[in-house]
Amino acid sequence: MCSYYAHAFSCKHVTYSFARFCDPAGLIQTRCNDRHIWQTIRMDEHCEECKATHYYASDSGRRRR
Ligand SMILES: [Zn+2]
Ligand SMILES: [Zn+2]
């Protein structure tokens, strides 16, 4: 099982980013299909997707970037 970081956002979405190969996968430098969550990182914000949606939805002029 290859290791992944899990980013847990405040909107409850979780994204995974690749961290490191397991031994068999390392030999061929190809990720296997098994994900092992190595570390979960709590993000104190919404994920990119929700941010985008949120800005649209709640945008009454105040938070325009
Ligand atoms: Zn693996
Ligand atoms: Zn989200």
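Annotations
- Hits in the stretch 21-39 - residues which are touching a residue at least 12 places away in the same chain (Cβ under 8 Å) and either more than 30 Å from Ala52 (Cβ to Cβ) or among the β-branched types (Val, Ile, Thr) (or both): Phe21, Cys22, Ala25, Cys32, Asp34, Ile37
- Here the stretch 2-39 is the region considered, the condition is being of a type in the set (Val, Ile, Thr) and surrounded by fewer than 12 Cβ atoms within 10 Å (Cβ to Cβ), and the residue that is nearest to the chain's Cα centre (by Cα) is Thr30.
- Taking (1) hydrophobic (A, V, I, L, M, F, W, C); (2) at pLDDT 95 or above; (3) within 16 Å of ligand 2 (Cβ to nearest atom) in turn, Cys22 satisfies each apart from (3).
- When the stretch 40-55 is filtered for residues that are hydrophobic (A, V, I, L, M, F, W, C) and either surrounded by 14 or more Cβ atoms within 10 Å (Cβ to Cβ) or touching a residue at least 24 places away in the same chain (Cβ under 8 Å) (or both), the ones remaining, listed by number, are Ile41, Met43, Cys47, Cys50.
The values are calculated or read from the model by the stated rules, or taken from the named source; none is laboratory data. Everything numeric in this text was worked out from a predicted model, so none of it was measured. Here Cβ is always computed from backbone atoms with ideal geometry, including for glycine, and neighbour counts include all displayed protein chains.
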